[in-house]
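**Student:** Got a structure for you, written out below as structure tokens; questions coming shortly.
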Amino acid sequence: MKIAVAQINTTVGDFTGNETAIRRYYARAVQAGADLVIFPELATCGYPPRDLLCKAHFVEANLAMLERLARDSGETAMVIGYVDRNEAKQGRELRNSVAVLGAGKILARRHKTLLPSYDVFDEDRYFEPADLNEVVELKGTKLGLTVCEDVWNDEGILRDGRRYSRNPAETLVAGGAEIILNASASPWQLGKASVRREILGSLARRTGRPVIYCNLVGGNDELIFDGGSLVFDSDGALVAQGAAFAEDFLIVDLNATAPIEVSKISDEAAVYDALVLGVRDYFWKCGFRQAVLGLSGGIDSALTAVIAADALGKENVRGVAMPSQYSSVGSLTDAEALARNLGIQYDVIPIKTQFDAVTRELADVFAGRDADVTEENIQARLRGVTMMAISNKFGSLLLTTGNKSELAVGYCTLYGDMCGGLAVISDVPKTMVYRISEWVNRDSEIIPTSTLTKPPSAELRPDQKDQDSLPDYDTLDSILELYVVEHRSLAEIVARGFDSEVVKKLIRLIDLNEYKRRQAAPGLKVTSRAFGVGRRMPVAQRWREY
């Protein structure tokens with residue numbers, strides 16, 4: 001059987017745009033003489049639709065598209081993800097489904113069995129799982145149709161073991177399936193590509209059946225879908241692989257395929273490509289064209305500017321330096337050099353005059369009290385006011401530049417440097433920021449070398465350094481990984497060799513700053529545990545481990 005894999009970029013709710021893309025790739029499959037073309041999970045409406053599924057007319061628009069696609073289908077069949085109604089009287093009203101279209105009609109409908117409700121997923125909120133999933137016969141071949149999570153149940157590979165008692169793919173094989181097809185919308189995170197290959201390759205070897213995996217590509221809100229579609233033969237050998245972070249179209253003849261080498265890229269390159277895609281699609285899908293961001297001369301704003309220029313084009317990015325009386329000359333020269341290297345617009349707007357005016361007006365109220373973090377935050381908030389004014393005046397989206405390490409411990413100012421519409425690197429730990437920045441400079445100096453080598457500082461008081469308040473970032477990021485991602489206890493973290501008082505301090509800061517993160521701009525998810533929709537901690541709570 002000759003099968004096409006259409007790895008497309010859909011937008012939630014853009015039924016016209018999604019249908020246009022589906023028809024374009026279907027035409028390619030027809031021209032290539034494919035027997036079948038498979039599209040991603042919920043390709044009709046985009047993924048994840050979340051509470052748009054509560055709107056009846058949203059679901060009806062998706063079903064109307066399915067009918068149109070079916071009516072116009074021909075000899076080449078199509079397997080496509082969509083939202084179906086649950087015809088049973090009990091359970092949730094909807095199903096996460098795939099349909100087989102061909103010869104002008106809907107040939108078969110099948111529903112997702114395993115509904116994830118962990119991390120960023122909440123499918124059990126909307127969908128009723130399949131009670132039964134039988135094989136579909138097409139052109140003399142018995143197909144096993146699965147949707148995303150239906151193949152993620154290999155206890156020998158998954159770190160947290162087998163999540164479900166059912167294994168839909170193996171059940172389909174037992175029912176006679178000769179090929180396993182999987183329509184997927186699997187968000188990307190560091191390390192996930194290799195886990196996917198292991199799971200799908202293992203499934204093919206274990207069942208002795210080819211596995212065709214079609215994954216969504218593109219950014220939708222915080223989530224980034226990398227594509228990377230995969231085809232394994234019945235021996236579990238990889239025979240085709242889709243591009244990472246880009247649309248792609250694969251054609252495989254399961255009777256005449258040869259194994260290929262796995263296409264891999266470094267972690268630094270993968271995170272960078274993911275963020276570029278996430279920024280580009282967030283702007284495009286939200287209707288923005290231009291970005292503005294503060295350039296402090298530091299590494300975080302530098303990397304954010306590089307990503308924005310790559311994603312949007314240098315002509316659509318504006319950097320603004322806002323020096324105070326505490327800003328070093330080097331910070332301004334580094335910011336200017338970065339802007340010049342990138343070719344982006346660059347403005348300098350000092351905030352000292354505004355700061356003097358505000359502190360003068362507050363002098364009577366603050367009489368008898370020493371200067372402290374209050375005055376530092378005033379500077380950050382004046383910068384927030386300045387950047388939001390530019391954003392409003394020119395219709396640009398303001399990018400925040402804080403990293404995951406800072407966001408974790410609250411080393412950021414509400415209504416100051418946290419102002420903005422998208423937090424580009426908020427899921428990138430500081431140590432990874434350095435690694436990616438060095439990767440950016442692999443061929444030539446884009447980010448000034450002095451930005452990479454100078455001690456990080458917020459420059460809100462004389463001679464300030466990050467390490468005046470925080471441990472070194474190698475230590476901070478290691479503890480952050482153990483506490484936030486792995487949910488390790490104080491005792492377990494200390495047992496790894498970390499100083500008890502340092503661990504206590506960081507745990508306290510992480511827990512106390514949940515209220516800041518709740519008000520932060522949406523951030524692009526690139527690690528297994530981001531501060532966002534996948535982490536649901538209460539703000540008003542009194543749990544303390546020690």
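The values are calculated or read from the model by the stated rules, or taken from the named source; none is laboratory data. From a predicted model like this one, the values you see are computed outputs, not experimental measurements. Don't worry about glycine lacking a Cβ; one is built from the backbone with ideal geometry, like all the others, and counts go over all protein chains shown.
**Student:** Got a sec? Which of 120, 135 is farther than 17 Å from residue 48 by Cα, of a type outside the set (S, T, N, Q) and out of contact with any Phe, Trp or Tyr (no Cβ under 8 Å at 6 or more places or on another chain)?
**Tutor:** On the way: 120 fails: farther than 17 Å from residue 48 by Cα.
Going through 120, 135 in turn, the sole match is 135.
**Student:** Another one. Looking only at the stretch 484-535, filter to residues that are outside any helix (DSSP H, G or I) and among the β-branched types (Val, Ile, Thr); which one of those is modelled with the highest pLDDT?
**Tutor:** Residue satisfying both the conditions and the ranking: 526.
**Student:** Another one. Where residues in the stretch 6-41 are farther than 23 Å from residue 179 by Cβ and under 21 Å from the mean Cα position of the chain (by Cα), which of them is surrounded by the most Cβ atoms within 10 Å (Cβ to Cβ)?
**Tutor:** Result: 10.
**Student:** A follow-up question, please. Residues in the stretch 428-438: is at least one under 30 Å from residue 280 (Cβ atoms) and in contact with a strand residue (DSSP E or B) (Cβ under 8 Å, 6 or more places away or on another chain)?
**Tutor:** No: zero hits.
**Student:** Hey, another quick one. Only residues that are touching a Lys or Arg at 6+ places or on another chain (Cβ under 7 Å) and in a helix (DSSP H, G or I): list them for the stretch 377-405, please. Working first, answer last.
**Tutor:** Kept after step one, since they are touching a Lys or Arg at 6+ places or on another chain (Cβ under 7 Å), are these residues of the stretch 377-405: 396, 403, 405.
405 - this is the single residue of the stretch 377-405 that is touching a Lys or Arg at 6+ places or on another chain (Cβ under 7 Å) and in a helix (DSSP H, G or I).
**Student:** Within the stretch 132-139, can one find any residue that is under 29 Å from the mean Cα position of the chain (by Cα) and touching a residue at least 12 places away in the same chain (Cβ under 8 Å)?
**Tutor:** no
**Student:** In the stretch 19-73, which residue that is part of a loop (DSSP other than H, G, I, E, B) and aromatic (Phe, Trp, Tyr) is farthest from residue 93 (Cα to Cα)?
**Tutor:** Here is the first cut: in the stretch 19-73, the residues part of a loop (DSSP other than H, G, I, E, B) are 32-35, 39-49, 55, 72-73.
Narrowing the set further to residues that are aromatic (Phe, Trp, Tyr) leaves 39, 47.
Working: 39: 24, 47: 18 Å.
So, considering only residues that are part of a loop (DSSP other than H, G, I, E, B) and aromatic (Phe, Trp, Tyr), the one farthest from residue 93 (Cα to Cα) is 39.
**Student:** Ok, one more. Among the residues of the stretch 321-337, are any among the acidic types (Asp, Glu), farther than 30 Å from residue 210 by Cβ and under 27 Å from the mean Cα position of the chain (by Cα)?
**Tutor:** There is no residue in the stretch 321-337 that is among the acidic types (Asp, Glu), farther than 30 Å from residue 210 by Cβ and under 27 Å from the mean Cα position of the chain (by Cα).
**Student:** With 124, 72, 131 as the choices, which residue is of a type in the set (D, E, K, R), modelled with pLDDT under 95 and touching a Lys or Arg at 6+ places or on another chain (Cβ under 9 Å)?
**Tutor:** Exactly one of 124, 72, 131 is of a type in the set (D, E, K, R), modelled with pLDDT under 95 and touching a Lys or Arg at 6+ places or on another chain (Cβ under 9 Å), namely 124.
**Student:** Return yes or no: is residue 44 under 15 Å from residue 214 (Cβ atoms), without any contact (Cβ under 8 Å) to a residue 40 or more places away in the chain and either surrounded by 15 or more Cβ atoms within 10 Å (Cβ to Cβ) or not charged (D, E, K, R) (or both)?
**Tutor:** So residue 44 fits the description; yes.
**Student:** How many residues are of a type in the set (Gly, Ala, Ser) and more than 30 Å from residue 77 (Cβ to Cβ) when one looks only at the stretch 239-286? Full working, then the answer.
**Tutor:** Of the residues in the stretch 239-286, the ones of a type in the set (Gly, Ala, Ser) are 240, 242-244, 246, 256, 258, 263, 266, 269-270, 274, 278.
Next, from what is left, pick out any that are more than 30 Å from residue 77 (Cβ to Cβ): 266, 269-270, 274, 278.
Qualifying residue count for the region: 5.
**Student:** List every residue pair whose Cβ atoms lie under 8 Å apart, where the two residues are 6 or more positions apart in sequence or sit on different chains, the first residue falls within the stretch 146-157 and is closer than 23 Å to residue 82 by Cα, and the second residue, located anywhere, is at pLDDT below 70 and surrounded by fewer than 23 Cβ atoms within 10 Å (Cβ to Cβ).
**Tutor:** 152/158; 153/162
**Student:** Of all the residues that make up the stretch 57-102, how many are among the charged types (D, E, K, R), touching an Asp or Glu at 6+ places or on another chain (Cβ under 8 Å) and closer than 19 Å to residue 125 by Cα?
**Tutor:** 4
**Student:** Which one is surrounded by the fewest Cβ atoms within 10 Å (Cβ to Cβ), of the residues in the stretch 256-266 that are within 12 Å of residue 238 (Cβ to Cβ) and of a type outside the set (Gly, Ala, Ser)? Let's see the steps before the verdict.
**Tutor:** Let us first name the residues in the stretch 256-266 that are within 12 Å of residue 238 (Cβ to Cβ), namely 257-264.
Restricting the remaining residues to those that are of a type outside the set (Gly, Ala, Ser) gives 257, 259-262, 264.
Values: 257: 16, 259: 13, 260: 12, 261: 7, 262: 12, 264: 11.
Among residues in the stretch 256-266 that are within 12 Å of residue 238 (Cβ to Cβ) and of a type outside the set (Gly, Ala, Ser), the one surrounded by the fewest Cβ atoms within 10 Å (Cβ to Cβ) is 261.
**Student:** Residues that are buried (at least 19 other Cβ atoms within 10 Å of the Cβ) and without any contact (Cβ under 8 Å) to a residue 24 or more places away in the chain: find the helices (runs of 4 or more DSSP H) completely inside the stretch 267-376 holding 2 or more of those.
**Tutor:** On the way: elements: 267-286, 299-312, 329-342, 352-362.
In the stretch 267-376, there are no helices (runs of 4 or more DSSP H) which contain 2 or more residues that are buried (at least 19 other Cβ atoms within 10 Å of the Cβ) and without any contact (Cβ under 8 Å) to a residue 24 or more places away in the chain.
**Student:** What are the pairs with Cβ atoms under 7 angstrom where one residue, in the stretch 92-105, is in contact (Cβ under 8 Å) with a residue 24 or more places away in the chain and not assigned by TED's automatic domain parsing to the domain that holds residue 143 and the other, located anywhere, is of a type outside the set (A, V, I, L, M, F, W, C) and in a strand (DSSP E or B)? Sequence gap at least six, or different chains.
**Tutor:** Short answer, once both residue conditions are applied: none.
**Student:** Further question: Out of the stretch 20-41, which residues are among the β-branched types (Val, Ile, Thr) and without any contact (Cβ under 8 Å) to a residue 12 or more places away in the chain?
**Tutor:** Answer for the stretch 20-41, where residues must be among the β-branched types (Val, Ile, Thr) and without any contact (Cβ under 8 Å) to a residue 12 or more places away in the chain: just 20.
**Student:** Determine which member of the set 235, 226, 221, 253 is surrounded by fewer than 24 Cβ atoms within 10 Å (Cβ to Cβ) and touching a strand residue (DSSP E or B) at 6+ places or on another chain (Cβ under 7 Å).
**Tutor:** Only one candidate qualifies: 253.
**Student:** If you take the residues of the stretch 244-266 that are β-branched (Val, Ile, Thr) and in contact (Cβ under 8 Å) with a residue 60 or more places away in the chain, which of them is nearest to residue 186 (Cα to Cα)?
**Tutor:** 262
**Student:** Counting only residues that are assigned to a strand (DSSP E or B) and without any contact (Cβ under 8 Å) to a residue 60 or more places away in the chain, which one in the stretch 165-199 is surrounded by the fewest Cβ atoms within 10 Å (Cβ to Cβ)?
**Tutor:** Only one residue fits best here, namely 180.
Let's see how each residue does on (1) of a type in the set (Val, Ile, Thr); (2) in contact with a strand residue (DSSP E or B) (Cβ under 8 Å, 6 or more places away or on another chain); (3) within 20 Å of residue 419 (Cβ to Cβ):
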{"site": "273", "(1), (2), (3)": "no, yes, no"}
{"site": "279", "(1), (2), (3)": "yes, yes, yes"}
{"site": "282", "(1), (2), (3)": "no, yes, yes"}
{"site": "290", "(1), (2), (3)": "no, yes, yes"}
{"site": "293", "(1), (2), (3)": "no, yes, yes"}
{"site": "301", "(1), (2), (3)": "no, yes, yes"}
{"site": "308", "(1), (2), (3)": "no, yes, yes"}
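Okay, residues lined up against (1) surrounded by 21 or more Cβ atoms within 10 Å (Cβ to Cβ); (2) of a type in the set (D, E, K, R); (3) touching a residue at least 24 places away in the same chain (Cβ under 8 Å):
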site: 388; (1), (2), (3): no, no, yes
site: 410; (1), (2), (3): no, no, yes
site: 435; (1), (2), (3): no, yes, yes
site: 443; (1), (2), (3): no, yes, no
site: 446; (1), (2), (3): no, no, yes
